[in-house]
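Asks: This is the structure I want to talk about, given as structure tokens.
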Amino acid sequence: MSRPPLPMRDGVAPSYLWLPEGQWPDLLTFLVARYPDVTEADWRARMTRNDVVDGDGNPLSPHSAYRRGMRIFYYRELEAETPIPFEEEVLFMDEHLVVVDKPHFLPMIPTGRFLHETLLVRLKKKLGEQDLTPIHRLDRETAGVVIFSRRQDSRGAYQSMFQKRVIEKEYEALAPRLHGREFPFTYRSRMVDGDKFFIMKEEPGEPNSETLIDVIEHRADCTLYRLHPHTGRKHQLRVHLASLGIPIINDAFYPVALPCKQDDVSQPLKLLARRIAFTDPLSGEPREFRSRRSL
């Protein structure tokens, strides 16, 4: 995608929308119907500020014609956003990559009720880089090492490492002690989308997820596990440990999805992306990055 016609503003890149098939008297009527959480007055104010434009950067007005296939750009805005009281740490930076130690509770990218309080927007503000893009993701609830790309021309080479599964990823988790198993062992299962859109579940069939599980140490009331996921299914580590009868401490999704805790940050999920290692696809040099956080 070419450079957007609106600049990055306060760390937030403009959003865009291709106008779908439909008959609308004007653009404003469509926008009010498409985004019911944004008032007509707010759209008018944005248009007055020239914050809604077409693909060529031409300002759009409330009375602009609705044209199917046209791409419009605008800024996503939130009236109120609760600050997340934990800070990320940049572990490494070169001309291609930024490696970050993400705290618990901080989402990776803007979504739902999170915009400025996301790792991507925070980093864009600090570094002033509009092209910054995560190469992979961590759940909002998970802390640890995550890698961002700084350049479009080298992004594909790093993304392909995750697609080819040549990245070595190591996690740590605190959970109840598991009896009756010899460590290390590999757990495999078939994971599919759950009955609720935000969770996963297991079902009989050919396994599509695999995790190597080992013990680092036994503590008085729990065990610290080392986890090596060989696949990258959504919530894989959380589902696997819950299925073994040892759900990760403070997991609000597994084995049972609890009511949303909203802005409660008092009980972080005890899961940490401890380490990422790989052979750099550009230089051929070995790379290893470790989180400085602890469980």
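The values are calculated or read from the model by the stated rules, or taken from the named source; none is laboratory data. Since the model is a prediction, treat every value here as computed from it, not as a measurement. Reconstructed Cβ throughout: ideal geometry from the backbone, glycine too, with neighbour counts over all protein chains shown. Accessible surface areas use protein heavy atoms only, side chains included; no ligands, DNA or RNA. Shrake-Rupley method; radii C 1.70, N 1.55, O 1.52, S 1.80 Å.
Asks: In Å³ and rounded to a whole number, note down the convex hull volume per residue for the Cα atoms of the range 191-295.
Replies: 165 Å³
Asks: What is the spread of the Cα atoms of the chain along each of their three principal axes, largest first, in whole Å?
Replies: Principal axes ranked by extent give 70, 46, 39 Å for the Cα atoms.
Asks: Output the relative contact order of the chain, whole-number percent, from Cα pairs under 8 angstrom with separation of 6+ residues.
Replies: Once divided by the residue count of the chain, the mean separation gives 15 percent.
Asks: Show me, for the range 182-196, the HN-Hα J-couplings you get by feeding each phi into the Karplus relation (A = 6.51, B = -1.76, C = 1.60, θ = phi - 60°), rounded to Hz, glycine and proline as x.
Replies: 9, 9, x, 9, 9, 10, 10, 7, 9, 9, 9, 4, x, 5, 9
Asks: Given H placed 1.01 Å from N in the peptide plane, which residues other than close sequence neighbours of Thr133 have an amide H under 5 Å from its amide H?
Replies: So Thr133 has HN proximity to Ser149.
Asks: Sum up the charges of everything whose Cβ sits under 10 Å from the Cβ of Thr231, counting Lys and Arg as +1 and Asp and Glu as -1, but leave Thr231 out.
Replies: Value of the local net charge: +2.
Asks: On a full-extension model of 0.36 nm per residue, what is the gain between Val38 and Glu129, subtracting their alpha-carbon distance, rounded to one decimal in nm?
Replies: 30.0 nm
Asks: Which order do peptides 191-197, 277-283 fall in by mean Cβ count within 10 Å, highest first?
Replies: 277-283, 191-197
Asks: How high is the relative contact order of the range 48-119, in percent, counting Cα pairs under 8 Å that sit 6 or more residues apart?
Replies: Rounded, it is 23 percent for the range 48-119.
Asks: If amide H atoms are built 1.01 Å from N in the plane of the peptide, which residues on other chains or at least 5 residues away come under 5 Å of the amide H of Ala175?
Replies: Those qualifying (amide H under 5 Å, at least 5 residues apart or on another chain) are Thr223, Tyr225, Ile249.
Asks: From Cα pairs below 8 angstrom and at least 6 apart in sequence, can you work out the relative contact order of the range 186-295, rounded to a whole percent?
Replies: So the answer I get is 15 percent.
Asks: For the range 143-295, what is the accessible area per residue in Å² when the probe is 1.4 Å?
Replies: Accessible area per residue: 53 Å².
Asks: Specify the inter-centroid distance of the range 130-203 and the range 18-79, based on alpha-carbon positions, in whole Å.
Replies: Going from one Cα centre to the other spans 37 Å.
Asks: Compute the accessible area per residue over the range 1-103, keeping the other protein chains in place, probe 1.4 Å, unit Å².
Replies: 56 Å²
Asks: Compute the label zone of Val215 within the range 177-195: residues whose backbone N is under 12 Å from the point 7 Å along Cα-to-Cβ.
Replies: Label zone hits: 177-185.
Asks: Would you mind telling me the share, in percent, of accessible area of the chain contributed by carbon and sulfur at probe 1.4 angstrom?
Replies: 48 percent
Asks: Let me ask you something else. Given only helices, namely DSSP H runs of n ≥ 4 each adding -39500 (n - 2.57), what is the per-residue ellipticity at 222 nm of the chain, to the nearest 500 deg cm²/dmol?
Replies: Calculated mean residue ellipticity at 222 nm is -4500 deg cm²/dmol.
Asks: Out of residues 5 or more away from Leu97 or on other chains, whose amide H comes under 5 Å of its own, with H placed 1.01 Å from N in the peptide plane?
Replies: Here Arg150 satisfy the definition.
Asks: Looking only at the range 114-131, which residues have a backbone nitrogen under 15 Å from a spot 7 Å from the Cα of Leu282 in the C-beta direction?
Replies: Answer for the range 114-131: 131.
Asks: Spelling out what I want: for every residue of the range 77-92, take phi, set θ = phi - 60°, compute 6.51 cos²θ - 1.76 cosθ + 1.60 (Karplus), and round to whole Hz; glycine and proline get x.
Replies: The phi angles translate into 9, 10, 5, 9, 9, 6, x, 9, x, 9, 10, 7, 10, 7, 8, 7 Hz.
Asks: Can you run phi through the Karplus equation (6.51, -1.76, 1.60; θ = phi - 60°) for the range 241-248 and list ³J(HN,Hα) in whole Hz, with x for Gly and Pro?
Replies: Result, ordered by residue: 5, 5, 5, 7, x, 10, x, 4 Hz.
Asks: What residue among Leu272, Leu91, Leu19 has the largest mean-square fluctuation in a Gaussian network model of the chain, using Cα springs under 10 Å?
Replies: Leu19
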